[in-house]
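Novice: There's a structure below that I have some questions on.
The values are calculated or read from the model by the stated rules, or taken from the named source; none is laboratory data. Treat the numbers as computed from the prediction; the structure is a model and nothing was measured. Note that we place each Cβ from the backbone using ideal geometry, even for glycine, and neighbour counts take in every protein chain shown. The area values use the complete protein model at the heavy-atom level, side chains included, leaving out ligands, DNA and RNA. Shrake-Rupley method; radii C 1.70, N 1.55, O 1.52, S 1.80 Å.
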Amino acid sequence: MIILKKATDLKKWLLAKKQLGAKIGFVPTMGALHAGHISLIKSSLSDNTITICSIFVNPTQFNDPSDFEKYPITIEKDIEMLEQAGCHLLFLPSVKEMYPSGLQQTRQYELGFLEIVFDGEFRPGHFQGVCMVVHNLLERVMPDNLYLGQKDYQQCMVITRLVELIGLNRHIKINICPTLRETDGLAMSSRNSRLNPSERALAPVIYQTMKWVKEELKVGDISSLSKAGATELTLKGFKPDYFSIVDARTLLPVAFWDGEQKLVLLVAAFLNEVRLIDNLLLNE
Ligand code: PAF
């Protein structure tokens, strides 16, 4: 696997490949890779001739400085995992390389409703930071296919909107890949490594509660289900930011279900210092 740190080197390398007609798949990450990331790499490998992964812990998307400082960094292990998976190129830029004119925001991305609900509400500025870095990365890589994990459901919607806003929706296909789970149901996440053993033992309660909601879902008033789920998490020791059943396409709240509307359950909850997010499509 080739490792490049400079955007100019990446551009040269990509130009040569694109001239030969290569189809480029791209998996942007913040490192601390796990099997979920590798499943995105594998999807890209099967759809494209070249697979590029980026690892960049993006400072502009952390609304909480301590979350940024504590973000796990496991670069050697990440490189090993990418090599084993068969990834062709790792782009590993520095902050200066990604933000040559500094971290201040120069463009406001019009994300509308997406920016004021759920992670938009609880992590102010987070999605603008995601847009800044993904815009920057997409301009450098110009992939044919972009791979994102469904675990970050709202982020997938934000990036889809971003790709429209920057006029790349006819060039880049967005592929949303299923969430990978540990055997006990906990969604794989880089942040899981920050859980201590007792927190780790408790963490699958999120998935268990989501599954319970899916089983209980019936046509009619469903508002009590979200409340019951949030209460269950609180009783077990979580501090939920949200536990909400919403329209899977718009993220608008749904209190009454007609049995047809596509629903997704979105969850974010703290276990002490660690914030976990997850989601479940309730009627796929
Ligand atoms: O999901 C992530 O790891 C990040 O938000 C992303 C998309 C790589 C942007 O920094």
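Novice: Let me know the charge dipole size of segment 1-96 about its Cα centre in debye, to the nearest 20, where only the beta-carbon of Lys, Arg (+1) and Asp, Glu (-1) is charged. Let's see the in-between values first.
Specialist: Numbers: 11 positive and 9 negative charges, 115 e Å.
Computed about the Cα centre, the dipole is about 560 debye.
Novice: OK, next. Roughly how big is segment 129-263's charge dipole about its Cα centre, with Cβ charges of +1 (Lys, Arg) and -1 (Asp, Glu), in debye to the nearest 20? Walk me through the numbers before you get to the answer.
Specialist: On the way: 17 positive and 15 negative charges, 60 e Å.
With only Lys, Arg, Asp and Glu charged at Cβ, the dipole is about 280 debye.
Novice: Roughly how many Å is it from the Cα centre of segment 51-75 to that of segment 79-105, as a whole number?
Specialist: Cα centres, segment 51-75 to segment 79-105: 11 Å.
Novice: Does anyone have the angle between helix 205-216 and the longest principal axis of the chain? Alpha-carbon axes, 0 to 90°, nearest 10?
Specialist: That works out to roughly 60 degrees.
Novice: Asp221 accessible area, nearest 10 Å², 1.4 Å probe?
Specialist: Estimated to the nearest 10 Å², Asp221 gives 110 Å².
Novice: Given the chain, what whole percent of its Cα pairs are spread farther than 37 Å?
Specialist: Numbers: 5590 of 40186 pairs.
The answer is 14 percent, as a whole percent.
Novice: Moving on to the next point. Between Ala35 and Ile73, take the C-beta separation as r, use R0 = 22 Å, and let me know the FRET efficiency to the nearest 0.05. Intermediate results must be reported in sequence, preceding the final value.
Specialist: Values: r = 18 Å, r/R0 = 0.83.
Once rounded, the FRET efficiency stands at 0.75.
Novice: Right, next: Give the lysines reachable from Lys12 as a straight Cα distance under 20 Å; neighbours fewer than 8 places away on the same chain don't count.
Specialist: Filter leaves Lys23, Lys96.
Novice: Just add up the charged neighbours of Lys96: K/R +1, D/E -1, any other residue whose Cβ is under 14 Å from the Cβ of Lys96.
Specialist: Values: positive: Lys5, Lys6; negative: Glu97.
Counting the neighbours of Lys96, the net charge comes to +1.
Novice: Tell me, what is the per residue accessible area of segment 95-229 in Å², probe radius 1.4 Å? Can you show the working numbers first?
Specialist: Details: 6430 Å² over 135 residues.
Counting only protein heavy atoms, the per-residue value for segment 95-229 is 48 Å².
Novice: While we're looking at this one, here's another question. Using Cα positions and a limit of under 24 Å, work out the lysines in reach of Lys236, with same-chain residues fewer than 8 apart set aside.
Specialist: The qualifying lysines are Lys151, Lys211, Lys214, Lys227.
Novice: Under 10 °C and 1.306 mPa s, how fast does segment 25-120 diffuse according to Stokes-Einstein, given a Kirkwood radius computed over C-alpha pairs? Answer in µm²/s, whole number.
Specialist: Details: Rh = 15.2 Å.
This corresponds to a translational diffusion coefficient of 105 µm²/s.
Novice: Angle between the Cα long axis of helix 126-141 and the longest principal axis of the chain, 0 to 90 degrees, nearest 10?
Specialist: Between the helix axis and the principal axis of the chain, the angle is about 30 degrees.
Novice: Sequence neighbours fewer than 8 away in the same chain don't count; with that in mind, list the aspartates and glutamates whose C-alpha is under 15 Å from Lys173.
Specialist: Asp47, Glu139, Asp144, Glu164
Novice: Accessible area per residue of segment 1-55 at 1.4 Å probe, in Å²? Could you put the intermediate results ahead of the total?
Specialist: Working: 2530 Å² over 55 residues.
Accessible area per residue: 46 Å².
Novice: Could you tell me which residue out of Ser193, Pro124, His34 lies farthest along the dipole of the chain toward its positive end? Charges go on the beta carbon: Lys and Arg +1, Asp and Glu -1, centred on the Cα centre.
Specialist: The residue sitting farthest along the positive end of the dipole is His34.
Novice: By accessible area of protein heavy atoms, probe 1.4 Å, what ranking do Ile38, Ile24 get, highest first? Write out the running numbers ahead of the final one.
Specialist: On the way: Ile38 25, Ile24 0 Å².
Accessible-area ranking of Ile38, Ile24, largest first: Ile38, Ile24.
Novice: Could you compute how fast segment 24-80 diffuses translationally, taking Rh as the Kirkwood radius over C-alpha pairs and applying Stokes-Einstein at 10 °C with viscosity 1.306 mPa s? Give it in µm² per second. Let's see the in-between values first.
Specialist: Numbers: Rh = 12.4 Å.
The calculation lands on 128 µm²/s.
Novice: Based on the alpha-carbon gyration tensor of segment 81-147 and its eigenvalue square roots a ≥ b ≥ c, which shape applies: rounded if a/c is under 1.5, prolate if not and a/b is larger than b/c, or oblate? Display every interim value, and only then the final one.
Specialist: On the way: a/c = 2.21, a/b = 1.58, b/c = 1.40.
Here segment 81-147 falls in the prolate category.
Novice: Follow-up question, since we're still on this one. Compute, for the chain, the length of the dipole vector about the Cα centre, with Cβ point charges of +1 (Lys, Arg) and -1 (Asp, Glu) only. Units Debye, rounded to 20.
Specialist: Values: 31 positive and 32 negative charges, 171 e Å.
Rounded to the nearest 20 debye, it is 820 debye.
Novice: Let me ask another. Ignoring ligands, DNA and RNA, please state the percent of accessible area on the chain from carbon and sulfur, probe 1.4 Å. All intermediate terms of the calculation are to be shown ahead of the outcome.
Specialist: Values: 7350 of 13490 Å².
Ligands and nucleic acids excluded, carbon and sulfur give 54 percent.
Novice: Using only the Cα atoms of segment 129-194, build the gyration tensor, take square roots of its eigenvalues as a ≥ b ≥ c, and label the shape rounded, prolate or oblate: rounded if a/c is under 1.5, else prolate if a/b is larger than b/c, else oblate.
Specialist: Details: a/c = 2.55, a/b = 2.06, b/c = 1.24.
Prolate, because a/c is 1.5 or more and a/b exceeds b/c.
Novice: Between the helical axis of 35-47 and the dominant principal axis of the chain, each derived from Cα atoms, what acute angle in degrees is found, rounded to the nearest 10?
Specialist: Its long axis makes an angle of about 50 degrees.
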